[in-house]
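Trainee: Questions regarding the structure given below will be posed in turn.
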Amino acid sequence: AGRQQPNHLEGDWVIELLLRLERFTTRLALDAASLLLVIAACLAFYQVLTRFLLGLPSTWSEVAGRSLMIWAVYLGIAAAFRQGGMIAVDLVFRYLSGRAALVMQMVVTSACLLFLAILGWYGWAMAERVKNQNLAGLEISIAWFYAALPVGAAFATLALLARLLQMLRDGPPERSDKFSEESGEIA
């Protein structure tokens with residue numbers, strides 16, 4: 001049985017529009033991250049083939065694969081923040097409910113937003129600083145490598161704000177992560 005909470009934000013079309021935009025952008029970021037991971041795995045396989053089978057290691061595939069992995073991680077954090085996977089302070093939240101849980105969620109969200117702002121700022125500054133340097137083996141600016149930080153921070157910020165707005169609207173999610181001693185499984 002779900003709990004009913006007063007819904008102060010229900011019917012607010014701006015909130016709904018933001019939540020729809022966030023669902024689209026987080027799905028886009030997660031799909032892009034998945035695709036980049038597949039490409040990075042293919043590049044790693046190509047690197048192994050050229051190095052050990054042909055004896056002529058590729059000069060570009062390792063750098064490109066590493067860059068794609070970094071992009072995949074920073075794009076994927078949006079989905080992790082949205083699901084609460086990176087911002088859960090489980091021990092504290094297990095003992096809190098209602099208003100106290102929402103206040104704690106706002107504190108955690110504020111700390112995460114501060115971190116993402118710093119990450120985005122310094123990622124942008126670093127991308128600007130190295131824009132005239134190229135990746136080894138590729139004629140691509142290193143700035144594209146560092147651009148993953150502010151881009152990922154932007155996606156994650158939107159996801160984090162959407163999570164907070166949804167919690168303010170709907171109340172904290174029901175916790176289903178209780179450990180069942182009888183079955184030894186998470187219920």
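The values are calculated or read from the model by the stated rules, or taken from the named source; none is laboratory data. Keep in mind the model is a prediction, meaning the values are calculated, not measured. Please note: Cβ atoms are built from the backbone with ideal geometry, for glycine as well, and neighbour counts cover all protein chains shown. Calculation scope for accessible area: heavy atoms of the full protein, side chains included, ligands and nucleic acids excluded. Shrake-Rupley method; radii C 1.70, N 1.55, O 1.52, S 1.80 Å.
Trainee: Answer with one residue from Ala100, Leu119, Leu135: the one whose Cα lies farthest towards the positive end of the charge dipole of the stretch 61-149, charges on Cβ with Lys, Arg +1 and Asp, Glu -1.
Mentor: Value computed over the given set: Ala100.
Trainee: So, one more: For the stretch 57-72, what does the Karplus curve 6.51 cos²θ - 1.76 cosθ + 1.60, with θ = phi - 60°, yield as ³J(HN,Hα) per residue in whole Hz, taken in order and with x for Gly and Pro?
Mentor: Each residue of the stretch 57-72 in turn: x, 5, 7, 10, 5, 5, 5, 5, x, 4, 5, 5, 5, 5, 4, 4 Hz.
Trainee: While we're looking at this one, here's another question. Under 5 Å between amide H atoms, partner at least 5 residues away or on a different chain: which partners does Ile142 have, H built in plane at 1.01 Å?
Mentor: Those qualifying (amide H under 5 Å, at least 5 residues apart or on another chain) are Gln133, Asn134, Leu135.
Trainee: Would you work out if the stretch 100-148 is rounded, prolate or oblate? Take a ≥ b ≥ c from the square roots of the eigenvalues of the alpha-carbon gyration tensor; rounded if a/c is under 1.5, else prolate when a/b is larger than b/c, oblate otherwise. Could you put the intermediate results ahead of the total?
Mentor: Working: a/c = 7.92, a/b = 3.82, b/c = 2.07.
Because a/c hits 1.5 or more and a/b exceeds b/c, the stretch 100-148 counts as prolate.
Trainee: Can you give the accessible area per residue of the stretch 47-106, in Å², using a 1.4 Å probe? Write down the numbers at each step before the final one.
Mentor: Numbers: 3630 Å² over 60 residues.
Per residue, the stretch 47-106 has 61 Å² of solvent-accessible surface.
Trainee: Another question, if that's okay. Work through the residues other than Leu68 whose Cβ is under 15 Å from its Cβ and net out their charges, Lys, Arg +1 and Asp, Glu -1. Kindly include the intermediate steps, with their values, before the conclusion.
Mentor: Values: positive: Arg66; negative: Asp31, Glu62.
In short, -1.
Trainee: With θ set to phi - 60°, apply the Karplus curve 6.51 cos²θ - 1.76 cosθ + 1.60 along the stretch 165-171 and write out the HN-Hα couplings as whole Hz, x wherever there is a Gly or Pro.
Mentor: Taking θ as phi minus 60°, the curve returns 4, 5, 5, 5, 6, 9, x Hz for the stretch 165-171.
Trainee: Rounded to whole Hz and in sequence order, give me ³J(HN,Hα) for the stretch 99-108 from the Karplus expression 6.51 cos²θ - 1.76 cosθ + 1.60, θ = phi - 60°, writing x for Gly and Pro.
Mentor: For the stretch 99-108, the Karplus-derived couplings read 4, 5, 5, 5, 5, 4, 4, 5, 5, 4 Hz, x marking Gly and Pro.
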